1. Please identify the pairs in which a residue from segment 93-113 that is polar (S, T, N, Q) has its Cβ atom under 6 Å from the Cβ atom of a residue that is outside any loop (DSSP other than H, G, I, E, B) and open to solvent by less than 20 Å² (accessible area, probe 1.4 Å), counting only partners at least 6 apart or on another chain.
2. Identify the residue in segment 63-85 that is assigned to a loop (DSSP other than H, G, I, E, B) and either in contact (Cβ under 8 Å) with a residue 60 or more places away in the chain or over 14 Å from P43 (Cα atoms) (or both) and, among all such residues, is least open to solvent (accessible area, probe 1.4 Å).
3. Which residues, counting only those in segment 121-147, are open to solvent by less than 30 Å² (accessible area, probe 1.4 Å) and either part of a loop (DSSP other than H, G, I, E, B) or in contact with a helix residue (DSSP H, G or I) (Cβ under 6 Å, 6 or more places away or on another chain) (or both)?
4. Say we look at segment 1-32 and pick out the residues that are of a type in the set (V, I, T) and modelled with pLDDT of 95 or more; which of these is surrounded by the fewest Cβ atoms within 10 Å (Cβ to Cβ)?
5. Within segment 182-210, how many residues turn out to be open to solvent by 10 Å² or more (accessible area, probe 1.4 Å) and at pLDDT 90 or above?
6. Kindly list, by first and then second residue, each pair from a residue in segment 184-201 that is closer than 23 Å to L159 by Cβ and in a strand (DSSP E or B) to a residue that is aromatic (F, W, Y) and open to solvent by less than 10 Å² (accessible area, probe 1.4 Å), limited to pairs with Cβ atoms under 6 Å and residues at least 6 apart or on different chains.
7. Taking F331 as the residue in question, decide whether it is open to solvent by less than 80 Å² (accessible area, probe 1.4 Å), aromatic (F, W, Y) and at pLDDT 90 or above.
Amino acid sequence: MATTTNKKYDDVIVFGPTGDVGGHAALAASTYGAKVWLGMRTPSKAIPLLAHQSAGEEKQWFERIHADLTDPTSIRAAVQHSGAKAAYVYLVPTADGLASSLAAMKAAGIEFVVFLSSFSVPYGAGLDVRAVPPQKLIAHAHAAVEANLEDLRIPHAALRPAYFASNPFKVGLDAAKFPALEANIFNGAFEVDCIAPDDIGRVAGALLVAPPADLLDDKDAAASPAGEKKGKKVFYLCGPQRLSQDGAFDVIRDVSGRDVTVNHLSMQAWIERQVAVGMPPPVATYLAEAYDHGFTEEQYRRDMYEQAVANVKEITGRDAMSFEEYVRLHFDELVGKAAVPGGTFSS
């Protein structure tokens, strides 16, 4: 691990370990020597990233425990039973922005949280997460959780990854055409960075076990370029290359050797398709508008982008994975998931 710290946690809890990021966070935390409690609504559910381990190997490093991020009572019981002092948390929609669940964690003994936030939360010194308007759906939902962590005075690292490398598969590929590979996209020139969920999870796991040395001290970080406050550090995370959506599918073709048909839809046709496969209409419209104007140069400005790429290596000791590497490693798995209707967008 490349970071240094004054504290290392021996017991941590990861909520949502069946997800790509949560699973990699759990694996990374275990490699850094922590006992990892896997907080799950259904503890018997398969965890793909642990499937290669025997039951004995899993038991040595991991312990499954019932916990539901929408149920503060279950959260408090899980944390108390585990004795964990650090928790990985992701966004689950609740009326209070997870405030009750976070309060339950703190009451049960959690003293540090790694939160999977979003690149869409504004960047820059002095920007208050409370100022994000509700109309910016994804940014607002994540910012609300960050605000609650601040208000509850829970020291935390907010991870703000940009465009997930899995999105071309999960959002673009048409499940109805499987096993043929056919994608439906809007604005093929939209430029994205394709950060690997593997890297996001490794960053989360590393920080979960060993928080940054200056995070839990008494220094006020208000002057930080990421607009951090006391007890908070923000880590933007980006993939090492920026590609257009069309360019991403070119990489998928080259790596897989498979023919991929790409249909360029109008904004309205793309929205209708996403709604047809289960995406809520307001979310589909919001995302279409985001694709329309793309990530701005302010969001991808050079100082932020270069640091966001560097953060992966600085925290994990490993270079950020290229999109080509990611596709080569996960192609079969991603295509299999894309065969299930109803993609998910992460950004």
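The values are calculated or read from the model by the stated rules, or taken from the named source; none is laboratory data. All figures in this text were calculated on a predicted structure; none of them were measured in a lab. Every residue, glycine among them, receives a Cβ derived from its backbone with ideal geometry; neighbour counts consider all protein chains shown. Quick note on the areas: whole protein, heavy atoms, side chains included, nothing else; ligands and nucleic acids left out. Shrake-Rupley method; radii C 1.70, N 1.55, O 1.52, S 1.80 Å.
1. From segment 93-113, the pairs are S101/I75.
2. Here the answer is A84.
3. Residues satisfying the conditions are V121, G124, V129, V132, A143, E146, A147.
4. Restricting to residues being of a type in the set (V, I, T) and modelled with pLDDT of 95 or more, the top hit is V12.
5. Total meeting the criteria: 6.
6. If the second residue must be aromatic (F, W, Y) and open to solvent by less than 10 Å² (accessible area, probe 1.4 Å), the pairs left are V192/Y163.
7. yes
Yes/no per residue for (1) modelled with pLDDT of 90 or more; (2) β-branched (V, I, T); (3) crowded, with 19+ Cβ neighbours inside 10 Å; (4) in contact with a helix residue (DSSP H, G or I) (Cβ under 6 Å, 6 or more places away or on another chain):
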site	(1), (2), (3), (4)
M279	no, no, yes, no
F295	no, no, yes, no
R301	no, no, no, no
Q307	yes, no, no, no
K313	yes, no, no, no
G317	yes, no, no, no
S322	yes, no, no, no
V327	yes, yes, yes, yes
K337	no, no, no, no
